[in-house]
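In what follows, a structure is listed as structure tokens, so that the remarks can point back to it.
Where a number appears in this text, it was derived from the coordinates with a stated rule and is not lab data. The model shown is predicted, which means the values in this text are computed figures rather than measured ones. All Cβ positions, glycine included, derive from the backbone under ideal geometry; neighbour counts span all protein chains shown.
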Amino acid sequence: MFEHYEYLLLAFEEAEKARDEGSFPIGAVIVDLDGEIISQGRNRVFSSCDSS
């Protein structure tokens, strides 16, 4: 199980990927109560040309 800041670093990495792909740098990590990562992702509006 990670510390909170380690999950935050993963979200920052996702945000950097979004920025590198030409989208706004927004990243997220969803974690359950046991500290398991359920999902992680990033903004892809401009890289995929899909605003939905």
request  = Treat every Asp and Glu Cβ in the stretch 4-48 as -1 and every Lys and Arg Cβ as +1, leave all other atoms uncharged, and give the resulting dipole magnitude about the Cα centre to the nearest 20 debye.
outcome  = 300
note = Checked against the positive end of the charge dipole of the chain (+1 on Cβ of Lys and Arg, -1 on Cβ of Asp and Glu, about the Cα centre), the farthest of ALA18, PHE2, LEU33 is ALA18
task = Compute the long axis of helix 4-20 from its Cα atoms, compare it with the longest principal axis of the Cα atoms of the chain, and write down the angle in degrees, 0 to 90, nearest 10.
result = 10
